[in-house]
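S.K.: Sharing a structure, written as structure tokens. Questions coming.
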Amino acid sequence: MNIFTKSNSVCEPTKQVGFVTLVGAGPGDPELLTLKAVRAIQQASVIMVDDLVNDEVLQYASRAARVIHVGKRGGCASTPQRLILKMLVQEASNGESVVRLKGGDPFIFGRGGEELAYLEAAGVAVTAVNGITAGLAGATSLNISLTHRDVAHGVLFMTGHSKPGDQAVNWQQIAATCHSSKLTLVIYMGVSNVGFITKGLLQGLPSDTPVAVIQNASLPTQRDVVCKLKDLSTAFASEGLTSPAIMIVGNVTAGLQALSQPNSNLLTDAA
Ligand code: SAH
């Protein structure tokens, strides 16, 4: 909408000031959206939707909103991050209320920090709205308390897929720290590297450390597998687990062996 101002008796349009809101869309289940996220989606004139965002959350968008998918799933090529950044600046500069919709939380392995810094440097007003991150949603879906005080002093969120050019994660060191400091380990983006990750973890954690793998957390297609660390790679192959999945490593998952989950595959040593 344009606002008209008077200048020398002539009405001239002045541009509305645009802005960007980085919104966490949560892990998939639309009921896990925050009220703030819903309000931001409702008020947006442009919505740029990332990979892993469940399209069902777009039910809250205005019919007039322009929805741009920039993810790579479903056979589409993903939009390069550089182009996404430019598009965000462009849309906001055109006076649009832009929502940048991201899976989970925008600041947990979501490049939200990079986008925020770029927009601020370009002089674009930007704020962020939390979403429920996949690690928390996956844990809660199995009634796992990530910091159960009987067995954990804290929780560590790690990526299994570092930025190109970065040094590879030292999984042996991470495992040793988790073991000595009683930390639960939650691994994102680890599917394609599961063999390498497991090998490293086995050098610092007992081989019978329980692990839960949760694929498509919070969605009707959720699958979960519980096994021992030594069986993790085999479990991925035999169960055909694919991305997106998170792994939760540590004794907080031990009780799951006794649970009867309708959609769980409880693996034994022999599996
Ligand atoms: N910002 C997101 C994470 C993006 S990184 C968040 O806070 O959740 C992408 C990784 O997140 C995936 O490789 C997978 O490890 C995890 N992930 C995202 N959605 C998931 C889901 N519904 N179930 C399981 N893991 C998921």
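The values are calculated or read from the model by the stated rules, or taken from the named source; none is laboratory data. Note that the structure is a prediction, hence the values are computed from the model and not measured. All Cβ positions, even for glycine, are placed from backbone atoms using ideal geometry, and neighbour counts span all protein chains on display.
S.K.: Are there any pairs, at least 6 apart or on different chains, whose C-beta atoms fall under 6 Å, with the first in segment 153-164 and in contact (Cβ under 8 Å) with a residue 12 or more places away in the chain and part of a loop (DSSP other than H, G, I, E, B) and the second of a type outside the set (K, R) and near the ligand (Cβ under 10 Å from one of its atoms), and if so, which?
M.R.: G160/I187; G160/M189; G160/G190; H161/M189
S.K.: Right, here's the next one. Examine segment 113-131 for a residue that is part of a helix (DSSP H, G or I) and near the ligand (Cβ under 7 Å from one of its atoms), and state whether such a residue exists.
M.R.: If we filter segment 113-131 for residues that are part of a helix (DSSP H, G or I), which is where we start, we get 113-121.
Subsequent filtering for residues that are near the ligand (Cβ under 7 Å from one of its atoms) retains none.
No, there is no match, as no residue in segment 113-131 is part of a helix (DSSP H, G or I) and near the ligand (Cβ under 7 Å from one of its atoms).
S.K.: If I filter segment 167-177 for residues that are out of contact with any Leu (no Cβ under 9 Å at 6 or more places or on another chain) and assigned to a helix (DSSP H, G or I), do I get at least one hit?
M.R.: yes
S.K.: Specify which of the listed residues (V213, V225, V252) is in a helix (DSSP H, G or I) and buried (at least 21 other Cβ atoms within 10 Å of the Cβ).
M.R.: Values: V213 fails: in a helix (DSSP H, G or I); V225 fails: in a helix (DSSP H, G or I).
V252 is the lone residue from the list that is in a helix (DSSP H, G or I) and buried (at least 21 other Cβ atoms within 10 Å of the Cβ).
S.K.: May I ask you to list pairs of residues, at least six apart or on different chains, whose Cβ atoms are under 8 Å apart, with the first in segment 48-77 being within 16 Å of the ligand (Cβ to nearest atom) and among the polar types (S, T, N, Q) and the second being outside any loop (DSSP other than H, G, I, E, B) and at pLDDT 95 or above?
M.R.: Partner pairs satisfying both residue conditions: N54/P30.
S.K.: Is it true that L146 is touching a Cys at 6+ places or on another chain (Cβ under 8 Å), within 16 Å of the ligand (Cβ to nearest atom) and within 16 Å of N251 (Cα to Cα)? So that I can check it myself, show each step before the final result.
M.R.: Values: touching a Cys at 6+ places or on another chain (Cβ under 8 Å): no; within 16 Å of the ligand (Cβ to nearest atom): yes; within 16 Å of N251 (Cα to Cα): yes.
Against the criterion (touching a Cys at 6+ places or on another chain (Cβ under 8 Å), within 16 Å of the ligand (Cβ to nearest atom) and within 16 Å of N251 (Cα to Cα)), L146 does not qualify.
S.K.: Find all pairs meeting these conditions: Cβ atoms under 9 angstrom apart; at least six residues apart or on different chains; first residue within segment 20-40 and touching a residue at least 40 places away in the same chain (Cβ under 8 Å) and under 21 Å from L219 (Cα atoms); second residue surrounded by 24 or more Cβ atoms within 10 Å (Cβ to Cβ) and basic (K, R).
M.R.: V23/R100; V23/K102; G24/K102; A25/K102
S.K.: Cβ-Cβ below 6 Å, separation at least six or inter-chain, first residue in segment 210-225 and among the acidic types (D, E), second near the ligand (Cβ under 6 Å from one of its atoms): which pairs?
M.R.: D224/I214
S.K.: A further question on this structure: Closer than 29 Å to L201 by Cα, among the charged types (D, E, K, R) and not assigned by TED's automatic domain parsing to the domain that holds S218 - does that describe any residue in segment 113-134?
M.R.: no
S.K.: Now for a separate question. How many residues, within segment 228-241, are under 18 Å from V252 (Cα atoms) and either more than 15 Å from the ligand (Cβ to nearest atom) or assigned to a loop (DSSP other than H, G, I, E, B) (or both)?
M.R.: So the first thing to find is which residues in segment 228-241 are under 18 Å from V252 (Cα atoms), and the list is 228-232.
The next check asks that each one be either more than 15 Å from the ligand (Cβ to nearest atom) or assigned to a loop (DSSP other than H, G, I, E, B) (or both); those that pass are 228-231.
Qualifying residue count, segment 228-241: 4.
S.K.: So S78 fits all but one of (1) out of contact with any Asp or Glu (no Cβ under 7 Å at 6 or more places or on another chain); (2) more than 12 Å from V23 (Cα to Cα); (3) part of a loop (DSSP other than H, G, I, E, B); what number is the exception?
M.R.: S78 satisfies all of (1) out of contact with any Asp or Glu (no Cβ under 7 Å at 6 or more places or on another chain); (2) more than 12 Å from V23 (Cα to Cα); (3) part of a loop (DSSP other than H, G, I, E, B) except (1).
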